[in-house]
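Input: one structure, supplied below.
The values are calculated or read from the model by the stated rules, or taken from the named source; none is laboratory data. What you are looking at is a predicted structure, and each value in this text was computed from that prediction instead of being measured. Cβ placement follows ideal geometry from the backbone for every residue including glycine, while neighbour counts extend to all protein chains displayed. Just the protein is used for accessible areas: all its heavy atoms, side chains included, with ligands, DNA and RNA removed. Shrake-Rupley method; radii C 1.70, N 1.55, O 1.52, S 1.80 Å.
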Amino acid sequence: MRTSQFLLATQKEAPSDAELISHKLMIRAGFIRKLSSGLYTWMPLGMRVLNKVSDVVRFEMDKVGAQQVCMPTIQPAELWQESGRWDLYGPMMLRIHDRNNREFCYGPTHEEVITDIMRKELNSYKQLPQTFYQVQTKFRDEIRPRFGVMRSREFLMKDAYSFHASAECLDNTYQDIKGAYNAIFTRLGLDFRVVLADSGEIGGDNSEEFHVLANSGEDTLVISSNGEYAANIERATSYLDNSHVCDAPKQEKQKVSTPDIRSVPAQAEYMGLDIKQIVKTIIVEGKDTDAVALLVRGDHEINPLKAEKLPAVKSPLTMVSEEILKKVTQCEPGFCGPLGLDIPIIADHTVLQMSDFSCGANETDFHFKGVNWNRDCKLPEAADLRFVVEGDRCPSSQGTLSFTRGVEVGHIFQLGTKYSDSMNATVLNDAGKTQPMFMGCYGIGVTRIVAAAIEQHHDEKGICLPEVMAPFQVAIVVLNPKKDEAVGSKAEALYQSLSDKGISVLLDDRKERPGVMFAEMDLIGIPHRIVISARGLADNQVEYKHRSDEEAQMFSYDQIEAELGSRLS
Ligand code: ATP
Ligand code: MG
């Protein structure tokens with residue numbers, strides 16, 4: 001490719017709405033352009049990078065025997081009604097009508113469609129297992145599209161789905177695909193972690209996420225010091241000490257006037273207590289009751305995903321109205337506590353180890369202090385209710401937990417029979433009986449990978465993606481071809497020869513100042529740069545520099561191909 005015939009579309013300034021470095025650089029390097037909120041065009045240069053990522057993804061998926069398909073992006077509502085997700089998915093799903101007023105959606109994911117296809121195609125256990133994948137556009141009407149293609153509304157996903165006769169077979173394929181994902185992110189040169197994850201909307205039992213490590217990542221990852229445990233904070237647990245042994249009471253229970261002291265920090269300060277001596281009471285809607293009280297220590301936060309999985313608690317987790325709160329606690333918000341409450345009470349394990357603690361008195365403008373379990377209040381039911389915090393003990397009790405940040409680029413799930421049950425996707429088993437198929441699903445955010453990779457691979461000059469992802473492998477910069485005819489012809493000959501070998505080369509034949517050309521090649525991140533100039537050619541020499549080198553080196557024109565050959569990955 002020649003720059004004279006290629007839309008480089010680089011720009012000096014990043015748009016003001018670009019917060020992340022990857023977003024800024026992708027605009028400045030002419031990789032993407034915004035059409036509307038969360039909608040981006042992939043420009044020629046960015047498209048080359050995106051294709052390279054898709055190639056690696058497809059190569060590794062093919063290697064584990066997955067078969068490529070392409071399903072429609074538009075999906076009929078009936079399938080989603082059958083699985084029960086038409087109502088569950090909510091406003092993230094873009095719903096549309098056709099000319100006959102039939103309801104459709106623009107697919108945010110494809111479990112329903114693939115299940116519908118495969119319940120028709122697969123009818124015997126002998127045909128199983130099989131795995132299908134596609135690299136296809138999804139639409140999710142995100143509440144806050146941001147960070148460019150990192151969280152856009154329309155994005156490219158590689159989604160795969162596997163079908164099995166047994167849970168063991170599903171687990172085998174799941175491990176194979178996990179291996180393929182490890183290979184994909186390793187080949188792409190990314191620093192990543194696999195973590196336990198919550199299954200969210202998609203459902204199912206086991207799920208793990210792949211995260212590219214980056215401080216700008218939206219997800220908090222919890223990692224154990226002994227390297228044994230890694231989980232998304234949404235799902236992370238710490239060592240659950242079920243002994244519930246607490247120190248013997250030292251204080252008498254005392255009611256303290258706390259006028260208008262409604263928050264835990266204010267309560268700690270006003271009462272002169274450590275925040276860890278406070279029990280926080282949160283009143284939420286119950287599944288079968290008006291209200292349930294959840295208790296966590298003052299320095300801890302309720303994890304809604306854990307709380308809403310409890311049988312007594314309504315999912316999704318919902319705070320009670322002020323009216324219900326006043327009815328069940330007899331006080332205003334900010335003064336609730338477990339003493340004397342006539343609703344189910346569930347406490348985090350750490351709360352049951354507290355003694356001489358403080359909590360709301362269920363009387364406006366009053367709190368208790370010196371409260372002790374058993375003596376002043378019946379020991380409530382215990383559960384894991386909270387987000388872990390740094391320094392917590394690992395679930396195995398060996399080592400401690402610390403946090404790091406990541407960008408979710410892949411997510412794999414064992415769905416079990418969730419979709420095959422609701423959509424009646426069955427096969428005949430070896431006993432001739434009908435049974436639901438076991439399913440797995442596996443997603444990779446192809447467009448997000450490009451942004452995540454740039455978060456990890458950039459410097460003050462611009463993008464420096466690893467060669468497997470770079471838009472071109474080699475840049476040939478031609479200086480002042482008018483000065484000497486050999487400059488243009490030698491550059492052309494080298495360009496042809498490298499291109500013939502299948503090396504991707506961008507020949508910069510613009511009549512720009514050298515500084516401008518160098519800066520642009522650095523901004524877009526071409527790993528290998530060769531400069532051909534009249535001055536160099538006078539000694540039959542050309543200049544070579546890797547994107548990460550400080551200094552350029554001179555090589556003889558005749559040697560440069562061999563030199564380059566040993567440096568290309
Ligand atoms: P997130 O938690 O980031 O919203 P998700 O868990 O909803 O993502 P999945 O349903 O697991 O996403 O989709 C598979 C992959 O698709 C994700 O791992 C992510 O890489 C990518 N992806 C999801 N939403 C977006 C988006 N809005 N923009 C770009 N990529 C996305
Ligand atoms: Mg996910």
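Using the alpha carbon gyration tensor of the chain, what are the three equivalent-ellipsoid semi-axes (square root of 5 times each eigenvalue), largest first, in whole Å?
For the chain, the ellipsoid semi-axes come out as 55, 32, 22 Å.
What FRET efficiency, computed as 1/(1 + (r/R0)^6) with R0 = 41 Å and r the Cβ-Cβ distance, is obtained for T400 and Q81, rounded to the nearest 0.05?
The value I calculate is 0.30.
Sticking with this one: In region 281-362, how many lysine pairs have Cα atoms under 15 Å apart, counting only pairs 8 or more places apart or on different chains?
Taking region 281-362 as the scope, the lysine pair count is 4.
Ignoring ligands, DNA and RNA, please state the percent of accessible area on region 274-406 from carbon and sulfur, probe 1.4 Å.
Roughly 49 percent, rounded to a whole number.
Moving on to the next point. Can you give me the distance in nm between label points at E512 and E390, each placed 7 Å from the Cα along the Cα-to-Cβ direction?
4.2 nm
At 222 nm, what helix-only mean residue ellipticity would the chain give, in deg cm²/dmol to the nearest 500, using -39500 (n - 2.57) for each DSSP H run of four or more?
-7500 deg cm²/dmol, from helical runs alone.
Let me ask something else about it. Considering only protein heavy atoms and a probe of 1.4 Å, how much of the accessible area of region 129-273 is carbon and sulfur, as a whole percent?
Summing carbon and sulfur atoms, their accessible area is 45 percent of the total for region 129-273.
Moving to a separate point now. Pick out, from A486, I454, G443, the residue whose Cα sits farthest towards the positive end of the charge dipole of region 431-486, with +1 on the Cβ of Lys and Arg and -1 on the Cβ of Asp and Glu.
G443
I would also like to ask the following. Determine which lysines satisfy two conditions relative to K433: a Cα distance under 27 Å, and not lying fewer than 8 residues away in the same chain.
By straight Cα distance, K433 reaches K120, K126, K418.
Could you work out how far helix 111-121 tilts from the main Cα principal axis of the chain, as a 0 to 90 degree angle to the nearest 10?
80 degrees
Would you mind getting the accessible area per residue of the chain, heavy atoms of the protein chains only, 1.4 Å probe, in Å²?
Ligands and nucleic acids excluded, the result is 45 Å² per residue.
Now for a different question. Can you tell me the dipole magnitude for region 37-81 around its Cα centre, using point charges on the Cβ only (Lys, Arg +1; Asp, Glu -1), in Debye to the nearest 20?
The dipole of region 37-81 has a size of about 220 debye.
I need to check one value: relative contact order of the chain, counting alpha carbon pairs closer than 8 Å and at least 6 residues apart, in percent.
Contact order relative to length: 17 percent.
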